[in-house]
Amino acid sequence: MNERFRCVGRSLARRDGEDKLTGAARYAADLQLPGMATGKLLRPPYAHARIQRINTSEAKAMPGVLAVLTAEDLGTSVPRFGPMVADQPVLAHKRVRFHGEPVAAVAAIDEATAEAALQAIEVDLEELPAVASLEAALAPGAPLVLDPAARAEDDPWRTTNVVREFRYGWGEPADMCDLVLENEYAFPAVHHYALEPPACIAAWDTNGLTVWSSIQHPFILRRVLASTLGLPFSRVRVHVPNIGGSFGGKGYPRVEPITAFLARAAGRPVKVEASVEEAFLSMRRAAARIRVRTGVDADGLIQFQEFAGDFLVGAYADVALRVVGKSAYHACGPYRTPAARIVTRAVTSNTAPSSAFRGFGAPQWCWALESQMDELAHACDLDPLEIRLRNLVSRGESLVPGDTPADGDWAEGLRRTADAIGWNTPRKPHRGRGLAVGIKNPTPATTSMALVHMHPDASVTVNAGTTEVGQGARTMFAQIASEALGVAADRIAVPNPDTAATPFDHMTASSRSTTMAGNAVLAACRNLREQLAEIASEVLGMEAEVDVEHACVVAKDGTRVAYGEAIERYFGEKQGEVIGQGAYRGERGNLPFGGPQAFWEVSFAASEIEVDSATGEVRVVRHVGGGDVGRAINPTLAVQQHDGAAIMGLGHTLFEQLEYDHDGQLLNPNLMDYRVPLCPDLPEEVECVLIENGDGPGPYGAKGLGESGTIPFAPSVGNALFEATGVRVRELPLTPERVWHALRENTQHELAKDVEFTSAPQRSGGRPADDG
Amino acid sequence: MLSQRSFALETLVNGRPYALEVGANELLLDVLRNRLGLTATKLSCGIEICGACTVLLDGRPVSACCTLAWEARGRHVETAEGLAAAGRLHPLQRAFVDHFALQCGYCTPGMLMALRALLDEEPQPTEQQIRESLKGNICRCTGYQAIIKATLAAAETMSSAGGRV
């Protein structure tokens with residue numbers, strides 16, 4: 001398929017590989033500036049409290065302490081920040097709203113001094129009632145997280161903890177259906193645990209503020225810092241070195257604003273390195289409870305779907321509302337849905353702001369819908385594969401009315417995934433298999449820009465704002481530029497972003513970078529080629545055009561001039577450069593998120609699991625994931641993204657869950673008590689099926705897949721658990737305790753013991769939903 | 001400002017001798033990163049679970065985040081910076097490149113040191129042995145599979161090269 005490409009479609013080695021293996025790769029916390037001080041934040045252990053008094057005099061008097069700040073020291077009105085609305089105070093003001101919210105900060109000559117100064121700060125807090133679960137936040141008379149007086153008078157939810165409700169719908173639900181099934185599914189709050197906790201260095205000079213941060217989205221950080229500090233964009237410069245994982249967690253500013261204030265107060269550069277515990281206290285995925293009611297006809301074809309979802313968001317907005325609203329938009333999945341009613345509420349609580357996390361709400365909806373699809377299959381006596389194939393939309397068919405129609409061959413993807421796991425082959429005892437399909441939309445109507453410099457030696461520098469979080473963006477961009485220019489990839493440099501030199505990029509998220517930033521790189525290469533042709537025409541005195549295959553410019557009379565020669569003849573020996581610029585502008589339109597979907601990120605999952613009936617332990621023994629990538633620019637990187645995302649999904653499927661007590665204190669903000677997938681948890685076999693039809697809107701037909709593997713993982717396992725045991729567990733994670741109890745409660749479902757079976761042993765039937 | 005005893009620390013790091021004055025409660029991780037500028041070794045969980053700070057102390061893997069610097073007195077500390085010899089990648093590093101066994105790279109130096117220790121002990125490990133031996137090294141990006149493949153490949157290279165490379 002890829003013969004017509006020189007560089008695209010080849011698994012070139014990661015260009016950051018050697019540096020990351022030898023220790024040469026630098027991360028924010030590795031950097032040192034002359035005179036740099038250490039900053040630390042004081043985070044009291046209360047989820048909700050009134051700040052009575054903070055006494056910093058002792059801390060301020062300590063030798064080696066350079067600055068001690070509370071909200072009172074930050075200005076007459078406390079500065080606030082946030083990516084959507086500036087609602088989070090740089091330091092808590094009058095009130096603490098979640099466990100871990102910082103109330104004071106210090107900068108000192110070294111870490112030990114900073115730590116001692118933090119301990120010397122006296123904080124008088126009056127603990128207030130807190131809510132930290134959907135049940136508590138929605139209970140009648142629950143303490144309110146937001147002040148009703150500060151909310152719009154016509155807001156129907158102003159005296160509740162519901163921050164916002166989103167509604168979508170189309171068609172008329174049928175009065176009569178052959179079968180209507182209603183169930184409720186729950187998804188836990190989970191933490192990203194990128195190994196690198198957030199780190200930031202801030203330094204001021206007459207140009208303004210310069211930061212080096214582990215931030216995923218440098219241009220959003222620039223905007224937020226500019227707004228919080230009252231600076232023009234041009235006076236905030238953001239450098240992003242290598243990032244030690246993020247998964248959405250380091251997308252939006254957290255420690256950066258206070259680091260900037262500390263550096264200003266200390267009069268020298270300040271570095272704040274959060275601990276893993278602080279990371280746990282600062283970022284998470286929203287917990288969700290989703291009720292689904294589905295009507296199908298006698299053939300198992302969906303007639304209508306109704307969803308009511310509640311998402312537990314935190315005490316500040318972050319991007320939580322967007323997560324809730326945007327993911328609900330595709331709640332009906334990749335299935336033909338003649339009528340839909342989708343209602344979802346963001347429910348605030350005294351917990352850390354819920355934020356972006358791989359899948360951006362999609363894993364929660366997918367857990368509900370894909371579990372429900374399986375329950376429908378069993379109720380209709382259909383094979384779980386068959387019911388999905390019957391309902392999947394075909395290419396060109398509408399998904400969400402008015403938005404981009406289906407842009408892939410998804411039935412093919414699901415079939416290939418099912419075949420790869422041997423869907424119709426006999427199962428071993430205690431084993432079951434499950435399928436699921438995931439869907440997500442990249443963020444619409446966004447912009448990415450790129451500059452591609454060609455130097456007089458015909459080597460190339462690509463400047464694009466995508467950060468390197470491990471996905472391999474810099475390798476991808478080199479391949480795209482190599483393909484477009486005919487320059488060998490090893491002569492192409494792709495530096496990490498520096499907002500003073502790198503042109504604008506909306507964000508490194510949403511599985512958008514290869515497609516959208518990649519398109520900007522491609523456009524910049526095309527622009528560079530046009531300029532090369534122009535300058536060559538001028539020096540040759542006749543029309544000329546670029547011959548990419550031979551990396552030269554060819555004049556009308558056949559004269560060939562190498563790229564570098566054209567540049568030198570135009571600008572002078574060893575001088576000048578040609579700078580191509582390009583932009584990708586996502587289509588705008590009157591749709592809920594500003595424009596139509598550039599593509600649908602659709603993925604497939606098939607899991608085979610083994611259940612220990614004595615302990616309730618579930619083990620995923622095989623997993624096949626499939627992603628519709630359009631075209632893999634670098635197939636191994638694509639598979640790696642997919643496999644890594646899948647094992648991340650294994651975490652929230654089997655182990656991961658943030659646990660808050662009744663007072664809202666996070667009980668497990670560390671790796672001892674919060675269990676992420678370890679190497680021995682890896683299934684015996686993990687396989688990835690890439691669907692490549694060259695039909696994406698990105699360079700050479702690419703589509704994104706960064707989140708694909710995570711989204712359908714959990715329901716593929718939950719569905720396999722049902723097949724193995726006849727027991728449906730509707731709440732994640734599938735811990736041994738939860739599964740053990742479910743097995744005990746379902747004594748009517750005999751465990752499939754030591755018998756081989758080729759189809760599901762039990763059918764759950766169309767029973768009412770209140771048993772989950 | 002914090003009064004504490006300090007010790008003279010003479011140690012060998014990646015084959016190079018160092019003589020330092022270290023505090024009684026100073027961690028090996030901080031000495032490596034902040035005093036010697038060897039930043040390959042990373043801090044993550046801080047409680048000896050994630051393995052990002054794994055270094056070798058006389059050939060045995062330890063968590064530098066929970067090891068006092070003075071414990072390195074008279075001993076040999078090895079970090080990822082010392083793996084490549086004379087500009088040539090160690091077979092493990094080579095295999096990690098070839099098998100794309102890293103993404104963000106934050107766990108990678110610790111992972112390499114844990115695997116170095118494994119291959120010293122067990123030059124031809126089975127896949128199962130590799131899985132078990134890596135339970136103290138968390139990778140949140142790759143899903144581990146490529147790391148296992150790379151380790152098997154490195155073991156193969158090293159044994160066909162006649163033992164240690």
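The values are calculated or read from the model by the stated rules, or taken from the named source; none is laboratory data. Computed from a prediction, not measured in an experiment: that's the story for all the values here. Don't worry about glycine lacking a Cβ; one is built from the backbone with ideal geometry, like all the others, and counts go over all protein chains shown. Areas reflect the complete protein model, heavy atoms only, side chains present, ligands, DNA and RNA absent. Shrake-Rupley method; radii C 1.70, N 1.55, O 1.52, S 1.80 Å.
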Exercise. When the accessible area of chain A is computed with all protein chains present and a 1.4 Å probe, what percentage of it is carbon and sulfur?
Worked result: 48
Problem set entry | Residues in the stretch A:175-218 occluded by at least 50 Å² - accessible area, probe radius 1.4 Å, against chain by itself | A:LEU195
For this session: Report, for the protein assembly as shown, the % of DSSP beta bridges that are antiparallel, rounded to 5.
Result: 80
For this session: List the longest stretch of chain A that has no exposed loop site; here a site is one of the GluC sites (Glu not before Pro) assigned by DSSP to anything other than H, G, I, E or B, with at most 16 other Cβ within 10 Å.
Result: A:154-396
For this session: For the stretch A:1-69 and the stretch A:185-255, compute the distance between their C-alpha centroids and round to whole Å.
Result: 9
Problem set entry | Accessible area that becomes buried as B packs against A, both chains, 1.4 Å probe, Å², nearest 100 | 4200
Problem set entry | Complex-versus-alone comparison for the stretch A:628-669, residues with a loss of 20 Å² or more in accessible area, probe 1.4 Å | A:THR636, A:GLN640, A:ASP643, A:GLY644, A:ILE647, A:MET648
For this session: Take the Cβ-Cβ distance between A:ARG560 and B:ARG88 as r, set R0 to 30 Å, and report the resulting FRET efficiency rounded to the nearest 0.05.
Result: 0.15
For this session: Report the normalised scattering of chain A as log10 I(q)/I(0) at q = 0.05, 0.06, 0.07, 0.09 Å⁻¹, calculated by the Debye formula with identical scatterers on the alpha carbons.
Result: -0.27, -0.39, -0.53, -0.86
For this session: Please figure out what share of the DSSP beta bridges in the stretch B:6-82 is antiparallel and state it in percent, rounded to the nearest 5.
Result: 90
Exercise. For A:ALA61 and A:GLU577, FRET efficiency with R0 = 41 Å and r from the beta-carbon atoms, rounded to 0.05?
Worked result: 0.15
Problem set entry | Over the stretch B:6-82 - Rg/Rh using Cα atoms and the Kirkwood inverse-distance radius | 0.92
For this session: May I ask for the distance between the Cα centers of the stretch A:547-580 and the stretch A:307-324, given as a whole number of Å?
Result: 54
For this session: Find the centroid of the Cα atoms in the stretch A:117-134 and in the stretch A:379-452, then give the distance between the two in whole Å.
Result: 46
Exercise. Hey, what did chain A get for relative contact order, percent, Cα under 8 Å, at least 6 apart?
Worked result: 16
Exercise. How large is ³J(HN,Hα), in whole Hz, for each residue of the stretch A:306-322 in order, when computed from phi with the Karplus curve 6.51 cos²θ - 1.76 cosθ + 1.60 and θ = phi - 60°, using x for Gly and Pro?
Worked result: 10, 10, 10, x, 10, 10, 8, 9, x, 7, 10, 5, 6, 10, 4, 5, 5
Exercise. Between A:VAL618, A:PRO680, A:LEU637, whose Cα lies farthest towards the positive end of the dipole of the stretch A:605-734 when Lys and Arg beta carbons carry +1 and Asp and Glu beta carbons carry -1, centred on the Cα centre?
Worked result: A:LEU637
Seminar exercise, completed: For the protein assembly as shown, the dipole about the Cα centre with charges only on Cβ (Lys and Arg +1, Asp and Glu -1), to the nearest 20 debye, works out at 1400
Exercise. How large is Rg/Rh for the stretch A:409-568, to two decimals, with Cα atoms and a Kirkwood Rh?
Worked result: 1.19
Problem set entry | Where only C-alpha atoms are counted, convex hull volume of the stretch A:391-444 per residue in Å³ | 104
Exercise. What is the sum of charges around B:ILE138, taking Lys and Arg as +1, Asp and Glu as -1, for the other residues whose C-beta is under 14 Å from the C-beta of B:ILE138?
Worked result: +1
For this session: Could you calculate, for the stretch B:91-160, the ratio of the Cα radius of gyration to the Kirkwood radius, expressed as Rg to Rh?
Result: 0.91
Exercise. Within straight cross-link reach of A:LYS20, meaning Cα distance under 29 Å, which lysines are found once same-chain residues fewer than 8 apart are removed?
Worked result: A:LYS40, A:LYS250, A:LYS271, A:LYS703, B:LYS42, B:LYS135, B:LYS149
Exercise. Counting only heavy atoms of protein chains, what accessible area per residue, in Å², does the protein assembly as shown have with a probe of 1.4 Å?
Worked result: 36
Exercise. Of all the accessible heavy-atom surface of the stretch B:6-82, with the other protein chains kept in place and a 1.4 Å probe, what percent is carbon and sulfur?
Worked result: 48
For this session: From other protein chains only, count the Cβ atoms within 10 Å of every residue's Cβ in A:26-33, then give the mean.
Result: 3
Problem set entry | For the stretch B:37-165, convex hull of alpha carbons as volume per residue, Å³ | 109
